[in-house]
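To start, the structure itself, in structure tokens.
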Amino acid sequence: MAGQPRVVLLKPLVTSPLIEVGDYSYYDDPDDATGFETRNVLYHYGPERLRIGKFCALATGVRFIMNGANHRMDGPSTFPFPSLGGAWAPHVDLLMDLPVSGDTVVGHDVWIGNGVTVMPGVRIGNGAIIATGAVVTSDVPDYAIVGGNPARLIRKRFGDEDIERLLALAWWDWPVEHLTEHVRVIMAGSVDELEAVAPR
């Protein structure tokens, strides 16, 4: 971003076919914001995907732990002997049948705070806020605020009825010209006001 070298839009930077990022989602890091794909998405050997929606704000140090970080826990040792190759390589099947948590999905308009860790296969709902330092080990509902280790619900941003209305409005899918015209309502208006300016 102009004048802010520590802030980058992620979509143009991502090269891995296993990572999808929506328009306008950004990452902020004073050390190496452009290194997000390798520094912040860890143990990503596939086939699961990381999907980040549109208009997400990711603070410095957000880490996505992917399924490749798993180790066996059903035997006496968790050490991954076959990964070192050599005489242990024929036992690679012991690593290949580890449980897979599925894709990690971040919805649209999600704000993830500094130093957050997101574990494999988690779904973070639209409009959610993840507090600084949280460790997200399970799904986060739409428009929820969570924090802690493990992350727990602090509160919902809106009542259930308004959350349903916001999801139906899906402002993140509006044409950019319409968003630009109504940015004040999107940022600081009520759900009623947002509904009133929705494209027809």
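Odds and ends about this structure:
- Candidate set: region 72-93, residues that are in a loop (DSSP other than H, G, I, E, B) and among the polar types (S, T, N, Q); chosen: the one farthest from Asp32 (Cα to Cα): Ser77
- Condition check for Asn126: open to solvent by 40 Å² or more (accessible area, probe 1.4 Å) and polar (S, T, N, Q): no
- Odd one out for Arg155 among (1) free of Cβ contacts under 8 Å to residues at least 12 places away in the same chain; (2) open to solvent by less than 70 Å² (accessible area, probe 1.4 Å); (3) over 20 Å from Glu195 (Cα atoms): (2)
- Condition check for Ile19: modelled with pLDDT of 95 or more, within 19 Å of the chain's Cα centre (by Cα) and open to solvent by 20 Å² or more (accessible area, probe 1.4 Å): no
- Within region 100-121, being of a type in the set (Val, Ile, Thr) and either open to solvent by 10 Å² or more (accessible area, probe 1.4 Å) or in contact with a Phe, Trp or Tyr (Cβ under 9 Å, 6 or more places away or on another chain) (or both) holds for Val100, Thr104, Val105, Val106, Val110, Thr117, Val118.
- Scanning region 1-16 for residues that are in contact with a strand residue (DSSP E or B) (Cβ under 8 Å, 6 or more places away or on another chain), hydrophobic (A, V, I, L, M, F, W, C), more than 28 Å from Gly102 (Cβ to Cβ) and open to solvent by 40 Å² or more (accessible area, probe 1.4 Å) yields one hit, Met1.
- Residues that are more than 18 Å from the chain's Cα centre (by Cα), open to solvent by less than 40 Å² (accessible area, probe 1.4 Å) and closer than 15 Å to Val110 by Cα, drawn from region 171-200: Trp171
- Flag for Gly121 being in contact (Cβ under 8 Å) with a residue 24 or more places away in the chain, touching a helix residue (DSSP H, G or I) at 6+ places or on another chain (Cβ under 8 Å) and closer than 20 Å to Glu20 by Cα: yes
- When the strands (runs of 3 or more DSSP E) confined to region 1-71 are screened for residues that are aliphatic (A, V, I, L, M) and out of contact with any Phe, Trp or Tyr (no Cβ under 8 Å at 6 or more places or on another chain), those reaching at least 1 such residues are found at 19-21, 50-52.
- Check on Gly85, open to solvent by less than 30 Å² (accessible area, probe 1.4 Å), over 11 Å from the mean Cα position of the chain (by Cα) and at pLDDT 95 or above: no
- Of the residues making up region 29-67, those that are over 20 Å from Met119 (Cα atoms) and without any contact (Cβ under 8 Å) to a residue 40 or more places away in the chain are Asp29, Pro30, Asp31, Asp32, Ala33, Thr34.
- Only residues that are part of a loop (DSSP other than H, G, I, E, B) and under 21 Å from Asn149 (Cα atoms) were counted in region 108-125, giving 10.
The values are calculated or read from the model by the stated rules, or taken from the named source; none is laboratory data. Keep in mind that this is a model prediction, so the values were computed, not measured. Because the Cβ atoms are built from the backbone with ideal geometry, glycine has one as well, and the counts that use them run over all protein chains shown. Please note that ligands, DNA and RNA were not included when accessible areas were found on the heavy atoms of the full protein model with its side chains. Shrake-Rupley method; radii C 1.70, N 1.55, O 1.52, S 1.80 Å.
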